[in-house]
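Reviewing the structure listed below.
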Amino acid sequence: NTGERVEGYTHFLWFLLLSFFRLFKLELSTISIFLGLLSYIGVIYFFFTISRKNENKKRFYIPFTALALSVNYDFALWATGGLETMFYTFLISLVFYTYFFSEMNESKKLLLSGLLLALACMTRPDVVIFYIYANFLILIWKFFTHKTFKELIIKLIYFNLPFVIFLLPYLIWKIFYYGDIVPN
């Protein structure tokens, strides 16, 4: 329809990433497969590293999750499909690794995890479910640890600050430009 703006994609960050490579006149189908493969390797690396951190020094171990992912046909197929699926999986895996297995202090973990989830939301809108769930886990953390309300608020601020800084302006732009948050 004349004058109607339609968002013809659901993966804004992936679209921006591919657009960056388009500036260099590179073949986007090849670049999207390459980025998918890099993301695939990154996911397997994170789970291999998690296995190494959890290994029992007295026993032989097998990095089962990394091994299972690396031999799974469907997982490899999504890595070479050219879509944003593997990049999204990479970002979610990086959030998991960052928060539970990195050696950063708590505030840095919360900020980086929030930033990565905000970027993942810009890659696929359904990640907002992870975002809501993560906030819920932070809320119930207070009840199991008997921490103060002030500590809870500080944790929520650190975690949600990247959302406010990066995702909120993006959502406001979508409303003003497309007239809606949801694509199409």
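For the charge dipole of the stretch 92-184, defined by +1 on Lys and Arg C-beta atoms and -1 on Asp and Glu C-beta atoms about the Cα centroid, which residue among LEU94, TRP141, ASN160 has the Cα displaced farthest towards the positive pole? Value computed over the given set: TRP141. In a DSSP loop and with at most 16 other Cβ atoms within 10 Å, the trypsin sites (Lys or Arg not before Pro) in the stretch 64-171 are LYS147.
For the stretch 111-184, the Kirkwood hydrodynamic radius from C-alpha pairs, put into Stokes-Einstein at 25 °C and a viscosity of 0.890 mPa s, yields a diffusion coefficient of 185 µm² per second. Calculated on the alpha-carbon coordinates, the convex hull of the chain measures out at 157 cubic angstrom per residue. A Gaussian network model of the chain, with springs between Cα atoms under 10 Å, assigns the largest mean-square fluctuation among ALA79, ALA120, ALA68 to ALA68. In a simple Cβ point-charge model (Lys, Arg +1; Asp, Glu -1; nothing else charged), the chain has a dipole of about 780 debye relative to its Cα centre.
Which of the helices in the chain meet the span-like rule: DSSP H, Cα axial reach of 24 Å or more, Kyte-Doolittle mean at least 1.0? Before the final figure, lay out the partial values.
Values: long enough: 28-54 (39 Å, 1.23); 106-123 (25 Å, 1.14); 128-145 (26 Å, 1.73).
In the chain, the long hydrophobic H runs are 28-54, 106-123, 128-145.
What the Cα atoms of the stretch 77-146 give is an Rg and a Dmax of 13.5, 47 Å. Cα extents for the stretch 1-82 along the principal axes, largest to smallest and rounded to whole angstrom: 68, 26, 22.
The alpha carbons of the stretch 26-128 occupy a box of 48, 34, 24 Å along the principal axes, longest dimension given first.
A Gaussian network model of the chain, with springs between Cα atoms under 10 Å, assigns the largest mean-square fluctuation among TYR88, TYR133, TYR40 to TYR133. Measuring between alpha carbons in the structure, the pairs from LYS25/LYS109; LYS108/LYS147; LYS53/LYS108; LYS108/LYS142; LYS53/LYS155; LYS147/LYS174 lying more than 27 angstrom apart are LYS25/LYS109; LYS147/LYS174. A convex hull fitted to the Cα coordinates of the stretch 1-42 yields 100 cubic angstrom per residue. Here the accessible area of the stretch 61-106 is 70 percent carbon and sulfur, with a 1.4 angstrom probe and all protein chains present.
The values are calculated or read from the model by the stated rules, or taken from the named source; none is laboratory data. Computed from a predicted model, the values in this text were never measured in an experiment. All Cβ positions, even for glycine, are placed from backbone atoms using ideal geometry, and neighbour counts span all protein chains on display. When the accessible area is computed, the model is the full protein with side chains, heavy atoms only, and any ligands, DNA or RNA have been set aside. Shrake-Rupley method; radii C 1.70, N 1.55, O 1.52, S 1.80 Å.
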